[in-house]
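First comes the structure, then the notes that go with it.
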Amino acid sequence: MPQLDFLISAATPFNLLLAVAGVVAGTVIGALPGLTATMAVAVLVPFTFGMPPASGLIALGAIYTGAIYGGAYSAILLNTPGTPSAIATTFEGYPMAKRGDGDLAITLACIASVVGGLVGALFLLLLAPPLAAVALRFGPVEYFWLAIFGLTLIASLSEGSLLKGALGGCLGVILSTIGTAEVGGDIRYTGDFKSLLGGIEVVPALIGLYCVPVLIDMVATADPHLRLKEKLAGYRLGEALRLACGSKWNVARSSLIGTVVGILPGAGGSIASLVSYAEARRSSPRSANFGHGEPDGLIASESANNATVGGGLIPTLVLGIPGTPPDAVILGALMVQGVRSGPALFSVQSQIVYTFIYGLFIATILMLPIGLLIGRHAFRSLIAIPKAILVPAVAFLTVIGAYAVQNSENDVLQMVLLGIAGWGLSRFGFSASPIVLGLILGPIAEAGFVQGTLIGGAKGSVLAEFFTRPISVAIICLIVLSLFYPLVLQRKRLPAMRRQSGPAQ
Amino acid sequence: MSGRPNRDWRGIAGAAGFVLIGAAVLYFSKDFSRLGAVFPRTIGWAMVLFALACILWAWLRPGAGVEAAKGSMLRRAALALAMLGWALLLKVVGFLASGAVAFVLLMLVANYDRWTPRRALGYLSLAAALLGGMYVIFRFGLHVPLPAGALI
């Protein structure tokens, strides 16, 4: 029973201690706006060099999974995603906290993260080699269509007007083209500012677009930042479990999306959570509640982003291609440890890799008690803090978080300016989410589009390159389905709605 | 009683701004190479078209736009200016000095309670602990080279 041996080696007291410490450290770092999961893993990776390879990897896996979950705290309590993976968590988590359900939102995020993390780890354990082979078949054109698929989410993220959402998305894409072009090397839209040569960094931009407008509105009135429905009732674990069980298909679908997107090199948790959120919204019978604190949206986002942990490790371990940025750091740690990633890893060094995978399972399960405990204290503390302390403290975190991404003062300035612009745009009815989506997906879409055009041109037909590859066709079908399915659904529901409104009139 | 139809004037103004941004995107893309220009040009055209459609939609389908912002605009402006000043002075005067000044300014902007010596002392102590604690964590724990500037 070698698998049982691997499980036992993963559950030694030392490894358990590392898993607990890793989850706690990751959760705390992930909760600070600007400090991403990549940074959490990168900062703590030197501590693992002196450990046995499997133990070191368990610590890194625990930090990674904790950091992805930790991003939900600030997303729910401050409307600022602690990590980019938690962008979609803000859409429902913050409205839930505003109406007094912050404790429920945190518990729900914890449960969804644990389930998503376990699904991702299960795929890593059972299906790593065949799934990695599929991921390798993604070329520039497939990435282009994947980005376009992501951009169709604007329909879900537009509050009120699809056209305004589309304009916000265009603005985000244009912002992503500022700086030196990845293909061709053109210097674009920098206005001779050297500080813009490197472009607009996503993390400071999203801190600014999401957090600064909240701060601006927070100081405008004396009302408390967050409310409580009643006096603190505890973790609200039973209620959260009931909601999660009632949304089991949503959890399963989102975890699957998270795993698959995690496998695709470069896609990552932010795209996974956005895609899952949009799918949850499209298929939910309560889609009208989305944007106003609907638990299904929160569940989708959190289960998907934590599923990318296991998903991203699949190409990392099987092919040596990091699925997500933190996986690149883990890949480096593997090399330092003398572990060579590749298909042979699962046979030649099976002791290390399977002990690590079981360790990841254990760390993910440990996230439930740890996450609930930290989350409850975070919520209680935030409610008790007066605005006069909360506003400068959050502003301080945004500044230091934006600075720490590249150790650059320019990023701080960009963050503040984008934040002020974001607040201004919101006064004209343009929300931040489509802009952020455009900013994230713009570079992927452009690189795929330009490279696909070049490859198609060399082969003799650009159209054939974009429209005949099997995976591309599948994604195009998904795009069409995602754009038109809500309309079909609305048409189907119309007679029933008319019948309902008839007697009332 | 017929008056002026209730239109989303803010939305129309915002969309007009996007027409200008789109035009600027198209204008400045003329100096790029073919490869570098194709994508921003496509998005620029899309932006202009969406913006014009948005204006047309708001004109043809009257409806209320975004509600006016509630609360003090003065405090909002003060916060934005304080943060902007903080970002600009970060490199010049250093992380701790600019952080301390901005923290106190933002505290003044966000406070709605009556200032008492006890409250002021409590808040300032908390501010010092937060600033100092985060400085130690980032500077020595996470090895982030925080800007030193002319002061600290």
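Could you tell me which of the residues B:Val101, B:Val38, B:Val66 is outside any helix (DSSP H, G or I), surrounded by 14 or more Cβ atoms within 10 Å (Cβ to Cβ) and aliphatic (A, V, I, L, M)?
Details: B:Val101 fails: outside any helix (DSSP H, G or I); B:Val38 fails: outside any helix (DSSP H, G or I).
When all the criteria are applied, what remains is B:Val66.
What number goes with the only condition from (1) of a type outside the set (Val, Ile, Thr); (2) closer than 30 Å to A:Phe144 by Cα; (3) touching a residue at least 60 places away in the same chain (Cβ under 8 Å) that A:Leu397 does not pass?
Against the list (1) of a type outside the set (Val, Ile, Thr); (2) closer than 30 Å to A:Phe144 by Cα; (3) touching a residue at least 60 places away in the same chain (Cβ under 8 Å), A:Leu397 comes up short only on (2).
Can you tell me which residue among A:Val412, A:Val405 is over 19 Å from A:Leu77 (Cα atoms) and either in a loop (DSSP other than H, G, I, E, B) or facing another protein chain (nearest Cβ under 7 Å) (or both)? Working first, answer last.
Numbers: A:Val405 fails: either in a loop (DSSP other than H, G, I, E, B) or facing another protein chain (nearest Cβ under 7 Å) (or both).
Unique residue meeting the criteria: A:Val412.
Would you confirm whether any residue within region A:131-150 is farther than 18 Å from A:Val275 by Cβ, of a type in the set (Gly, Ala, Ser) and part of a helix (DSSP H, G or I)?
As a first pass, look at region A:131-150 and keep what is farther than 18 Å from A:Val275 by Cβ: A:132-133, A:136-137, A:139-141.
Pick out the ones that are also of a type in the set (Gly, Ala, Ser) and you get A:132-133, A:139.
Among the residues that remain, those that are also part of a helix (DSSP H, G or I) are: A:132-133.
Scanning region A:131-150 turns up at least one residue that is farther than 18 Å from A:Val275 by Cβ, of a type in the set (Gly, Ala, Ser) and part of a helix (DSSP H, G or I).
Are there any pairs with C-beta distances below 7 angstrom linking a residue in region B:55-71 that is at the interface with chain A (Cβ under 8 Å from one of its Cβ atoms) to a residue that is part of a helix (DSSP H, G or I) and surrounded by 11 or more Cβ atoms within 10 Å (Cβ to Cβ), with the two at least 6 apart or on different chains, and if so which?
Between residues of region B:55-71 that are at the interface with chain A (Cβ under 8 Å from one of its Cβ atoms) and residues that are part of a helix (DSSP H, G or I) and surrounded by 11 or more Cβ atoms within 10 Å (Cβ to Cβ), the close pairs are B:Trp57/A:Leu163; B:Gly65/B:Trp9; B:Gly65/B:Arg10; B:Gly65/B:Gly11; B:Val66/A:Arg427; B:Val66/B:Arg10; B:Ala69/A:Arg427.
Can you work out which of the residues in region B:110-126 that are closer than 21 Å to A:Val214 by Cβ and not hydroxyl-bearing (Ser, Thr, Tyr) is surrounded by the most Cβ atoms within 10 Å (Cβ to Cβ)?
Filtering region B:110-126 for residues that are closer than 21 Å to A:Val214 by Cβ and not hydroxyl-bearing (Ser, Thr, Tyr), the one surrounded by the most Cβ atoms within 10 Å (Cβ to Cβ) comes out as B:Ala110.
For region B:22-30, does any single residue satisfy the condition of being out of contact with any His (no Cβ under 6 Å at 6 or more places or on another chain), facing another protein chain (nearest Cβ under 9 Å), modelled with pLDDT under 95 and farther than 25 Å from A:Gly429 by Cβ?
Within region B:22-30, one or more residues are out of contact with any His (no Cβ under 6 Å at 6 or more places or on another chain), facing another protein chain (nearest Cβ under 9 Å), modelled with pLDDT under 95 and farther than 25 Å from A:Gly429 by Cβ.
Considering only residues that are within 26 Å of B:Ala15 (Cα to Cα) and either crowded, with 20+ Cβ neighbours inside 10 Å or under 12 Å from the mean Cα position of the chain (by Cα) (or both), which ones fall in region B:69-80?
Listed by number, the residues that qualify are B:Arg76, B:Ala77, B:Ala80.
Here is a list: B:Leu96, B:Leu81, B:Leu89. Which entry is on the phi < 0 side of the Ramachandran plot, assigned to a helix (DSSP H, G or I), at pLDDT 95 or above and more than 8 Å from chain A (Cβ to nearest Cβ)?
Values: B:Leu96 fails: at pLDDT 95 or above; B:Leu89 fails: at pLDDT 95 or above.
None of the others qualify; the one that does is B:Leu81.
Only one of these conditions is not met by A:Gly419: (1) farther than 23 Å from A:Gly312 by Cβ; (2) away from chain B (no Cβ under 13 Å); (3) crowded, with 24+ Cβ neighbours inside 10 Å. Which number is it?
(2)
Being of a type in the set (Gly, Ala, Ser) and within 12 Å of chain B (Cβ to nearest Cβ) is the filter; apply it to region A:6-45 and report the residue that is surrounded by the most Cβ atoms within 10 Å (Cβ to Cβ).
Per the stated criteria, the residue is A:Ala40.
What's the total number of residues in region A:278-324 that are outside any loop (DSSP other than H, G, I, E, B) and surrounded by 24 or more Cβ atoms within 10 Å (Cβ to Cβ)?
Of the residues in that region, 27 qualify.
In region A:261-277, what residues are part of a helix (DSSP H, G or I), of a type in the set (Gly, Ala, Ser) and either modelled with pLDDT of 80 or more or in contact with a helix residue (DSSP H, G or I) (Cβ under 6 Å, 6 or more places away or on another chain) (or both)?
Quick first cut of region A:261-277, residues part of a helix (DSSP H, G or I) only: A:261-263, A:268-277.
Cutting the leftovers down to of a type in the set (Gly, Ala, Ser) gives us A:262, A:268-270, A:272-273, A:276.
Within region A:261-277, A:Gly262, A:Gly269, A:Ser270, A:Ala272, A:Ser273, A:Ser276 meet the criteria.
The values are calculated or read from the model by the stated rules, or taken from the named source; none is laboratory data. Since this is a predicted model, take the numbers as computed values, not measurements. Here Cβ is always computed from backbone atoms with ideal geometry, including for glycine, and neighbour counts include all displayed protein chains.
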